[in-house]
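Structure, as structure tokens:
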Amino acid sequence: MSRAALLVLADGRFPAGGHAHSGGAEAAVKAGRITGAEGLESFCRGRLHTTGLVSAALAAAAVLGVDPRQLNEAADARTPSPALRAAARKLGRQLMRAARATWPSAELDAVATEFPKGAHQPVVLGLAARAAGLEPLDAAYCAAYESVSGPASATVRLLSLDPFDATGALARLAPELDRVADQAVEAARRAVDEGPDSLPAASAPLLEIAAEAHAAWPVRLFAS
Amino acid sequence: MDGVTAAVAGVRATARMVARDDGRGGTALPVLESDGPLALRRTRGSGAEPRVMLVGAMSGPLGGDHFTVAADVREGARLRVGSAAATIALPGQTKGEARYDVRLTVADGGELHWLPEQLICAGGSDLYVGTRIDLGATARLVLREEQVLGRVGEEPGRLTSRLVLRVAGRTVLDQELACGPGAPGGWDGPAVLAGHRAVGQLLVVRPEFADEPVPARVLGEGAAVMPLAGPAALVTAVAPDALLLRRLLDAALAALVP
């Protein structure tokens with residue numbers, strides 16, 4: 001087991017289907033709320049401190065061995081939009097397939113059997129990190145980074161944004177990403193003693209509302 | 001917090017109400033306790049569904065204050081609670097955060113309508129609102145929360161508002177919104193509020209939603225009806241101002257609770 005497993009797990013080419021999702025960027029572009037690099041950065045910053053923090057804490061808690069069933073319920077309660085719950089489970093199912101092939105483990109097998117339709121992606125991400133011998137902080141970084149890298153690469157495609165500008169926005173978020181990953185691990189450690197109710201529940205109203213509108217579009221480039 | 005600042009500590013107040021089935025097809029209010037700035041008044045309403053009005057007897061909450069309002073609706077009882085005016089969070093003499101806790105419990109067969117006026121976060125205020133709702137498996141609830149960020153033309157204060165719903169011991173909804181100066185970055189950006197100054201939630205819980213969930217639906221640009229993972233539906237709405245927000249939530253309420 002090595003730290004380099006984190007690079008495998010966090011690689012955009014890890015075959016877990018994330019590229020098909022924009023993390024709400026497609027809906028925000030269509031609504032005119034993201035029109036360039038500045039809007040993208042602001043979108044990503046908001047997503048990082050809400051969905052990103054919650055996902056990172058769920059993933060870190062899964063690495064620490066908090067019951068996946070309880071974490072999955074906590075993820076449901078923190079995701080009012082049924083479109084986003086469905087997307088999270090679909091991504092979780094795809095990630096589970098890739099993770100079981102990459103880091104075979106009895107624990108992953110058991111969770112895959114318990115959730116045939118998929119557990120929430122951040123929970124599976126944490127279990128995959130655990131199977132790969134990674135630390136809670138590694139999983140938190142991975143989840144927090146995914147919460148912003150997905151919208152960034154999607155916006156490059158949606159707006160024909162200069163990829164250098166999108167990458168620059170991600171780089172400027174790095175110090176906040178560090179803080180979010182630390183906060184997430186702290187919360188996850190609390191959840192070991194106090195249960196998943198103590199996990200963060202930061203929410204972004206427009207991500208939830210726009211996800212429902214997006215799911216009803218007849219034609220879209222991204223699944224969510 | 002140290003002993004030196006205790007002299008200027010804020011107001012602590014807890015108002016409580018209990019509604020119970022009176023055994024004659026109506027609801028009695030054996031407990032209706034006002035406290036300091038939180039005054040409870042029974043207003044006209046039917047015997048089956050008494051109405052209580054929360055009247056702010058002084059301004060606040062101010063920095064350092066800690067208010068709690070608790071309602072306990074016992075088995076088979078019904079209660080409707082409103083407020084006489086908007087609550088305005090203001091900066092206090094102490095720099096500290098103010099805290100407003102709402103604790104609602106509804107036992108099996110009980111029904112609570114919790115429909116207060118808006119919470120307005122005036123410039124310079126710093127408030128944490130914690131709303132915890134515990135429902136029995138067959139309890140019913142209609143709850144509205146509206147947050148207005150700043151008075152007209154004013155920078156908002158800081159607000160953190162957490163809403164937790166448990167039904168039969170299981171957490172069905174847990175959402176926290178943080179906004180205003182000092183909140184984590186991006187709160188006013190395109191993912192969270194995008195310049196909207198009014199945000200609200202309407203939560204409807206009915207046992208029959210377990211088998212027949214409300215269909216998900218978008219209400220214009222700024223609101224959506226969302227069936228939760230449990231016998232409940234949430235309407236989340238954002239709007240430029242309090243009036244437009246209320247219109248969105250009223251329309252959603254009329255559609256969800258005919």
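Every number here is computed from the coordinates shown, using simple stated rules; none is lab data. Note that the structure is a prediction, hence the values are computed from the model and not measured. Note: ideal-geometry Cβ built from the backbone for every residue, glycine included; neighbour counts use all protein chains shown.
For this structure, a couple of remarks:
- Summed side-chain charge close to residue A:38 - residues other than residue A:38 whose Cβ falls under 14 Å, Lys, Arg +1, Asp, Glu -1: -1
- Using equal-weight Cα scatterers in the Debye expression, the normalised intensity of the protein assembly as shown in log10 at q = 0.10, 0.12 Å⁻¹ is -0.75, -1.07.
- Around residue A:130: net Lys/Arg minus Asp/Glu count, Cβ-Cβ under 11 Å: -3
- Look at the alpha carbon pairs under 8 Å that are at least 6 residues apart: their mean separation over the length of region B:110-258 gives a relative contact order of 21 percent.
- Backbone amide hydrogens, once placed in the peptide plane, bring residue B:31 within less than 5 Å of B:18, excluding anything fewer than 5 places away on its chain.
- Between region B:137-182 and region B:217-253, the Cα center-to-center distance that results, in Å: 13 Å
- Charge tally for residue A:98 (other residues, Cβ to Cβ under 12 Å; Lys, Arg +1; Asp, Glu -1): +3.
- Between A:150, A:223, A:177, the Cα set farthest toward the positive side of the dipole of region A:125-224 (charges on each charged residue's Cβ, about the Cα centre) is that of A:223.
- Taking θ as phi - 60° and the Karplus parameters 6.51, -1.76 and 1.60, the scalar couplings of region B:225-232 work out to 9, 10, x, 8, 7, x, x, 8 Hz in sequence order, x denoting glycine and proline.
- For the pair residue B:241 and residue A:3, a Förster radius of 45 Å applied to the C-beta separation gives a FRET efficiency near 0.35, rounded to the nearest 0.05.
- Centroid-to-centroid separation of region B:18-52 and region A:122-142 [C-alpha atoms, Å]: 51 Å
- Global geometry of region A:76-219, whether rounded, prolate or oblate, following the gyration tensor of its Cα atoms and the 1.5 cut on a/c: rounded
- Per-residue ³J(HN,Hα) for region A:163-175, Karplus 6.51 cos²θ - 1.76 cosθ + 1.60, θ = phi - 60°, Hz, x for Gly and Pro: x, 5, 5, 5, 5, x, 4, 4, 5, 5, 7, 3, x
- Chain A, relative contact order [Cα under 8 Å, separation at least 6], %: 38 percent
- Normalised by the number of residues in chain B, the average gap of Cα pairs under 8 Å and 6 or more apart makes the relative contact order 12 percent.
- In order through region A:195-210: 3J(HN,Hα) via Karplus (6.51 cos²θ - 1.76 cosθ + 1.60), integer Hz, x for Gly, Pro: x, x, 4, 7, 5, x, 9, 4, 10, 10, x, 5, 5, 5, 5, 5
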